[in-house]
Amino acid sequence: NSSSAIVRWLSQVAALWRVAMAQKNLALAGAVALLATMARADAPVGTCTSPSDCTQDSVLLQAHQAFVSTRDASAIGARSSVPDFVGVCGCQVCQNEGFSLTSDGCSLGGVTSPEEACTCLQASSQQGQELLDDCGCKACAGEGWSASSGACAQGSWTEAHEACECRKQRAPRSVPAQVLEPAPAPAPPAPAPQPAPQPAPSPPPAPAPLTPAPSSPMPVSNQGNLSPFRNCFLAAPLLTGFGCSLLKVFEGVEFSLNRFGQETTAKRKCLEHTRAAGGNSFVITLGRCEAWTCSSRGALRGSAAPRTQEVIVNPHAWVFSELCMYQEGTGGRGGEDRRAPVFVKLWEWNYVDIARECKEYLGPSGFDAVQVSPVTEHVRGSQWWTKYQPISFGLNSRSGTAQEFQGMVATCRAAGVQVIVDIILNHIATPCPAAGENAMPCSGWNGSTYGNRRISGARGWDAASPELFHHKPGDLHTGLCSVGAPSYLCGSPVTTDCSCCKCDLYGLPDWNTDLQEVQDVHYRHVEELYDMGVTMLRIDAALYEDVGQASRTLNRFPWDYVYMEWWGEFPTGLHEKYIGNYRDVAFAGKMTHALAVESNLTKLPKLLDLTQGVFGVHDDDALYPMAFHDKRTNTAMRSEASYKNGLEFHQQQKFFLAWPRTTRVMLWGGFGFSSTQQGPPGCELGQELCTPEPIFKEDSTTACMPTPTRSPLPAEEAQKHQWVCEHRWTGVAGLVGFRKACRGLPVTKVETRGQGRLAFKAGDECFVALVRGTNDWWPQGYGNLGEWSLAGLAVNLPAGRYCDVAALPARFVEGAATCPREVVVGEDGVIRSGSVLEGDLLAIHAGARLAGNRRLRAGAR
């Protein structure tokens, strides 16, 4: 941390750089560029210009660009300069410039809309001349280049790199367009010797030829299923010699940060080029895309910076592949590091409050992602379900404006929290009573109009007429079929066979996704969300979506996570392969039964047999939600996981986090209600337009309900229309940290000291204990079990003072000396002091020992 040490370290980096230049060693130069990036200082390969600019991505991009520039000058790799074509608005399209009428100029990463291109063409073209943009699209008719169809299309925008490639192809043959020439591959250095019995490391691969990004990636077939490329959460770089081969390397500005300041567009482009190259995996860093092919999932994981090899891990690289599963329980180097994905759904929170919550609580507590309510413009009304009746693909909704949404995504990602959007591609809203067959008298939340099976749209490209929805032959204004309560079937004994895929769900007009025009609209919506930085999705009404059609839209983007609304149907083998994980709503129900409903205390240990909920849905393919909006009840019910059950619910969500045998879990942060129809606080039934109350007060405290101390909640408190914020209750943040440390460890010991008391040890370093509580509304017959003293219990943990992280209001901080509740373990591994309260749970682990430990002899007090 001293400045002198940094100077010495940088001088060594500079010396290595000079060696790389002298030897024309591309592999060494690349490694030194990465070292310089890690320095965050004025290194010989370039760095950011001010501390505020020194984000990981900006430093990496500048180091990489300087490396490429120096490599060019030193003849390490010969390449021609990028052609300097000027687009219709005078922007240098091959430098990734686009034009904006609002700023009246060209900007890096900008995208020229058809309207902007039309204005430029009208100002510069001669009378009678056809107004065509750089790709020959009729801009004044709203056309732009569509990467999805490989042709001009209404509502598409011609991106700068697409305009560049179109201009190259139109260049006169006597002056050929300049392209990147393959760089000569240097001879790989000899492998470094390794002591036995470790295997000798394979030599670094000769760099693959640097290839310019093709103008328009291969169009996606309109038939069959498209496999997803998922974030593997593996360490980079990938190494050859373990079953993976490097196919091609692409470099260029299209792999830089986009106009939203996000790297997601670069990932999307890298996926397109990898598919065109025939690869099944890719590694993306800013400025560089590597297309790989691996023989198997095991080969991919074994190639990911294995610990048997001496390799510098690049913390700024992402690995995506068809061979990975979503949010696997292990990742990192060689796929050997345990992971514990924890998500939370902040139901009906506004975007400004979500952004603040990410920065102040979710990020510091270790949450991986936050799910938001549907983001598109919707019908008017105060009820929660209005958000599930979209009337345009505009992003202004009850939760906030498009700008606030974009800012929220950026803030959350900067805090290490990804955003899950609850996306609706199945249907649009039912019409208001005044709608006729041809009129659009209904007005949406932001003023967009709609009618019977038609929407005006908010963007131009999202307008839709009845032809775009499934309908009866000869009758555009009537759905082909309908599906809803009580059977939710459509002539077949199951719904998983897509027998309902063309039917109106609850009378909501069903998009005809067989049509290319519909696919283009959906692609455009998903593309905007992804480019803004949305990397995770919940697929609403997934049962009623055709798997092949959905895959051909969704899987043109490399996702961090996708899961489906699912109700307990037996898995098909297709949905999990081509769409995403199943929502397993039965797991929490089984847990709730064991901790609240079952009155026979001798059956409590069976809680530790819980490994899955929905029959046939395995942990590898499941997301387990603690609660969800469709299962809410007006009053407390002991069988339903609800805040209305007070302390009982809190014990359940504590166990939910502490149980190590599940992989992906989602907590709930919602609001109180007296009717399940109610929307968020501030929106009362009968209101057409409303403003949800903010969660954060002017004094920076929250409007959240305090942590309950009894079961159930008092009736007045349970029915109050207020923010509840279950995910903020005392102990949750501490248990998120516990889960990160203990998930995936085997249960190695179980203790049952009297009925209603249960404890288990996970691995060698984690311990959990609980006592069943009582519920004033439903006496169980066993009375009050009281506090459980753990003194004398052998846990075989290292000696010391442990913090009960289930009692913490925030995540445990290493070095802390005090804790609301402590457990003392002697040198013989036996607990000396510590207890569990009735209706509560205790959790300790080796990473949460308190500072100032004294030596504790066996038998000492």
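The values are calculated or read from the model by the stated rules, or taken from the named source; none is laboratory data. Keep in mind the model is a prediction, meaning the values are calculated, not measured. Cβ placement follows ideal geometry from the backbone for every residue including glycine, while neighbour counts extend to all protein chains displayed. Note: areas computed on protein heavy atoms with side chains; ligands, DNA, RNA excluded. Shrake-Rupley method; radii C 1.70, N 1.55, O 1.52, S 1.80 Å.
Return the tail of the calculated pair distribution for segment 355-403, meaning the percent of Cα-Cα pairs more than 13 Å apart. It would help to have the intermediate numbers written out before the result.
Values: 713 of 1176 pairs.
For segment 355-403, the share of Cα pairs beyond 13 Å comes to 61 percent.
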Mind giving me the nanometre distance, one decimal, between the label points for Glu437 and Ala810, set 7 Å out from Cα along Cα→Cβ? 6.5 nm
How much FRET efficiency would the formula 1/(1 + (r/R0)^6) give for Ile312 and Lys590, where r is the Cβ-Cβ distance and R0 is 51 Å, rounded to 0.05? 0.65
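Using the per-residue mean of other Cβ atoms lying within 10 Å as a proxy for protection, in what order, highest first, do the peptides 483-495, 277-289 fall? Working shown, then result.
Working: 483-495: 12.5, 277-289: 22.8.
Packing order, densest peptide first, comes out as 277-289, 483-495.
Any number yet on Rg/Rh for segment 375-428, C-alpha, Kirkwood? Please report the intermediate quantities before stating the final value.
Details: Rg = 12.1 Å, Rh = 12.0 Å.
Rg/Rh for segment 375-428 comes to 1.01.
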Out of all DSSP beta bridges with both ends in segment 493-645, state the antiparallel percent to the nearest 5. 10 percent
Taking the square root of 5λ for each eigenvalue of the C-alpha gyration tensor of segment 692-758, the equivalent ellipsoid has semi-axes, largest first and in whole angstrom, of 33, 19, 8
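What whole-number volume per residue, in cubic angstrom, does the convex hull of the C-alpha atoms of segment 224-281 give? Kindly include the intermediate steps, with their values, before the conclusion.
Working: hull volume 7.2 nm³, N = 58.
With only Cα atoms used, segment 224-281 gives 124 Å³ per residue.
Under the 0.36 nm per residue contour assumption, what length would be gained going from the current alpha-carbon distance of Ser599 and Ser482 to full extension?
Numbers: separation 117, 0.36 × 117 = 42.12 nm, distance 4.27 nm.
Between Ser599 and Ser482, full extension yields an extra 37.8 nm.
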Could you let me know the centre-to-centre spacing of segment 756-826 and segment 610-628, using Cα atoms, in angstrom? 26 Å
Percent of Cα pairs exceeding the 21 Å cut-off, where the set is segment 573-731: 51 percent
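Take each of the peptides 560-569, 726-735, 692-701, average the number of other beta-carbon atoms within 10 Å over its residues, and list them starting from the highest. Could you put the intermediate results ahead of the total?
Values: 560-569: 20.9, 726-735: 24.7, 692-701: 13.0.
The packing order, highest mean first, is 726-735, 560-569, 692-701.
Based on the Cβ-Cβ distance of Thr709 and Asp497, what FRET efficiency does E = 1/(1 + (r/R0)^6) give at R0 = 60 Å, to the nearest 0.05?
On the way: r = 49 Å, r/R0 = 0.82.
That pair, Thr709 with Asp497, gives E of 0.75.
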I'm a student and want to see the number: the projected area of the Cα convex hull of segment 645-781, averaged over all directions, in nm². 11.0 nm²
If I model a spin label as a point 7 Å beyond the Cα along the Cα-Cβ vector, how far apart are those points for Asp546 and Leu685 in nm? 4.0 nm
According to a simple spin-label model (label point 7 Å from Cα along Cα-to-Cβ), what is the distance in nm between Ala851 and Asp764? 2.7 nm
Counting C-alpha atoms alone, how compact is segment 522-615: give Rg to one decimal and Dmax as a whole number, in angstrom. 17.5, 56
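Order 651-658, 238-245 from most to least packed using the mean count of other Cβ atoms within 10 Å.
651-658, 238-245
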Which distance in Å, rounded to a whole number, links the C-alpha centroids of segment 251-313 and segment 446-519? 38 Å
Which value in Å is the Kirkwood Rh of segment 434-485 over different Cα pairs? 11.9 Å
Only residues of segment 802-842 count here: report those whose backbone N is under 17 Å from the spot 7 Å along Cα→Cβ of Ser789, or say none. 822-826, 830-838
Rank these residues by their accessible area, most exposed first, probe 1.4 Å: Lys138, Lys644. Lys138, Lys644
Across every pair of different alpha-carbon atoms, what Kirkwood hydrodynamic radius in Å does segment 291-385 reach? 16.8 Å
